[in-house]
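Just so it is clear, none of the values below were taken in a lab; they were calculated from the coordinates. Just so you know, these numbers come straight off a predicted model, no measurement behind them. With ideal geometry, Cβ positions are generated from the backbone for all residues, glycine too; neighbour counts draw on all protein chains shown.
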Amino acid sequence: MITLVTGGSKCGKSSYAESVLENFVGPKYYIATMQPIGDDAEEIISRHREARRNKNYITKECQRDIEKLDLPSGCGILLECIGNLCANEMYLEGKVLSPSDKIVSNIKALAENASQLVIVTNDVGSDGNNYSKDIISFVSEIANINCKIAEFADNVIECVYGIPIALKGKLI
């Protein structure tokens, strides 16, 4: 079962994603993709760790190359988040890469090994702002990744003001 959870900033995506795996029996892995860069990064990471405390997740810090993770068959996986993973893969050592095919392929491989895979992503590109060429490329990559995942996901859930809405499949 693959569930893609999307929405804007601070809309309840993470809480909903965690709730999907709340009653999962077996090992649960949280793949954290955020690099602790910037003033508020440590605060965000700390808040997410606190939210997961006592929820039996095994955290794997993996900012890129998620295909290298060795996770047991039949596990539950929460991948957070596509935006961070895309940025980490896209802006590597001063180069701007196009990582969408790699990320989608790696997510499919994770899904083959997991009983449940929950993926958190961001709603990007709908604000209509005029961005730089680099930001437009980033937004396009995330949009491409999101579209491809949505095609093969069993459920696509959008969180709006803390309210989950099923766009595909069903709420869990």
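If only residues of segment 1-34 that are out of contact with any strand residue (DSSP E or B) (no Cβ under 9 Å at 6 or more places or on another chain) and either hydroxyl-bearing (Ser, Thr, Tyr) or touching a residue at least 12 places away in the same chain (Cβ under 8 Å) (or both) are counted, the one that is surrounded by the fewest Cβ atoms within 10 Å (Cβ to Cβ) is Ser9. Condition check for Arg49 on (1) closer than 16 Å to Ala114 by Cβ; (2) surrounded by fewer than 14 Cβ atoms within 10 Å (Cβ to Cβ): one failure, at (1).
For segment 73-86, the criterion of being outside any strand (DSSP E or B), more than 26 Å from Ser140 (Cβ to Cβ) and under 17 Å from the mean Cα position of the chain (by Cα) is met by no residue. Considering only residues in segment 98-117 that are more than 20 Å from Ala87 (Cβ to Cβ) and not small (Gly, Ala, Ser), the one that is surrounded by the most Cβ atoms within 10 Å (Cβ to Cβ) turns out to be Leu117. Does Ile37 satisfy the criteria of being assigned to a loop (DSSP other than H, G, I, E, B), of a type in the set (Val, Ile, Thr) and farther than 19 Å from Ile172 by Cα? Yes, satisfied. Of all the listed residues (Ala41, Ala51), the sole one being out of contact with any strand residue (DSSP E or B) (no Cβ under 7 Å at 6 or more places or on another chain), among the hydrophobic types (A, V, I, L, M, F, W, C) and free of Cβ contacts under 8 Å to residues at least 12 places away in the same chain is Ala41. Is at least one residue of segment 121-139 part of a loop (DSSP other than H, G, I, E, B), touching a residue at least 24 places away in the same chain (Cβ under 8 Å), of a type in the set (Phe, Trp, Tyr) and out of contact with any strand residue (DSSP E or B) (no Cβ under 6 Å at 6 or more places or on another chain)? No - not one qualifying residue is present in segment 121-139.
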